[in-house]
Amino acid sequence: MAFIDGKGSRFRIADIGGTMRDLSAYITEVRGLPGERALNDVTALGDSGARFKPGAESTAFAINGLFDDAAVLGADAILGALRYHDSPTEFEYAPSGLAVGKVRYAGKCWVKSYEMLSRAGEPVSWRATLQVEGAVNRV
């Protein structure tokens, strides 16, 4: 069994122009992918135990990172603009890197929230919640 260090993880998201941008240098945490699965209880009277059927996926995930105000490629420029964008955008998360054959999770998402966090004596950071449109695909 191989254990993977998170420093090799990569997260990319398409900017409002549709160009995939790698935000990995700014991100400190990705949490919530591939996400929970909705299971509808279909247990009937007389069943000896609970029974379930999968429902529609509704995945939201969070990314946290360090603030950078680079005009075009910084996390703030990309996520800030996507916060107001009027259509979902593509994303890709590769927990063990982008090399051929490595696991990736991809789909389309909305930037549901994007917040700045600052506290005296600590670096300025941010957090974002992204809502997946459709399903998360393992590619």
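Among the residues of the stretch 96-121, the ones that are among the basic types (Lys, Arg), over 22 Å from Gly6 (Cβ atoms) and over 15 Å from the mean Cα position of the chain (by Cα) come to 1 in all.
Do we find that Ser58 is over 19 Å from Lys7 (Cα atoms), part of a loop (DSSP other than H, G, I, E, B), modelled with pLDDT under 95 and hydroxyl-bearing (Ser, Thr, Tyr) in this structure? Yes; evaluated as a whole, the condition is true for this residue.
Hey, does the stretch 94-111 have a residue that's among the charged types (D, E, K, R), in contact with a strand residue (DSSP E or B) (Cβ under 6 Å, 6 or more places away or on another chain), free of Cβ contacts under 8 Å to residues at least 40 places away in the same chain and not in a loop (DSSP other than H, G, I, E, B)? Yes: one or more hits.
Looking across the stretch 47-75 at every residue that is more than 14 Å from Glu29 (Cα to Cα) and within 16 Å of the chain's Cα centre (by Cα), the one that is surrounded by the most Cβ atoms within 10 Å (Cβ to Cβ) is identified as Thr59. Cβ separations smaller than 6 Å between residues 6+ apart or across chains give the following pairs from the stretch 1-22 residues that are surrounded by 10 or more Cβ atoms within 10 Å (Cβ to Cβ) to residues that are of a type in the set (Val, Ile, Thr) and assigned to a helix (DSSP H, G or I): Asp15/Ile78; Arg21/Ile78. Considering the stretch 5-24, the residues that are among the hydrophobic types (A, V, I, L, M, F, W, C) and assigned to a loop (DSSP other than H, G, I, E, B) include one that is nearest to Leu98 (Cα to Cα), namely Leu23.
Residue under question is Ile13, and the condition is that it be more than 20 Å from Leu117 (Cα to Cα), under 12 Å from the mean Cα position of the chain (by Cα) and of a type in the set (A, V, I, L, M); does it hold? Taking the combined requirement at face value, the residue satisfies it. Looking across the stretch 119-135, the residues that are in contact (Cβ under 8 Å) with a residue 24 or more places away in the chain, out of contact with any helix residue (DSSP H, G or I) (no Cβ under 8 Å at 6 or more places or on another chain) and closer than 20 Å to Gly74 by Cβ come down to Pro123, Val124, Ser125, Arg127, Thr129, Leu130.
Within the stretch 25-46, the set of residues being free of Cβ contacts under 8 Å to residues at least 24 places away in the same chain, surrounded by 12 or more Cβ atoms within 10 Å (Cβ to Cβ) and part of a strand (DSSP E or B) comprises just one member, Leu39.
Residue check: is Glu122 exposed (fewer than 10 other Cβ atoms within 10 Å of the Cβ) and at pLDDT below 95? So Glu122 fits the description; yes. The one condition from (1) surrounded by fewer than 14 Cβ atoms within 10 Å (Cβ to Cβ); (2) farther than 15 Å from Leu33 by Cα that Arg138 does not meet is (2). Out of the residues in the stretch 62-99 that are out of contact with any helix residue (DSSP H, G or I) (no Cβ under 9 Å at 6 or more places or on another chain), farther than 20 Å from Leu33 by Cα and hydrophobic (A, V, I, L, M, F, W, C), which is modelled with the lowest pLDDT? Out of the qualifying residues, it is Leu73.
The values are calculated or read from the model by the stated rules, or taken from the named source; none is laboratory data. Everything numeric in this text was worked out from a predicted model, so none of it was measured. Ideal geometry is used to build each Cβ from the backbone, glycine not excepted, and the neighbour counts take in all protein chains shown.
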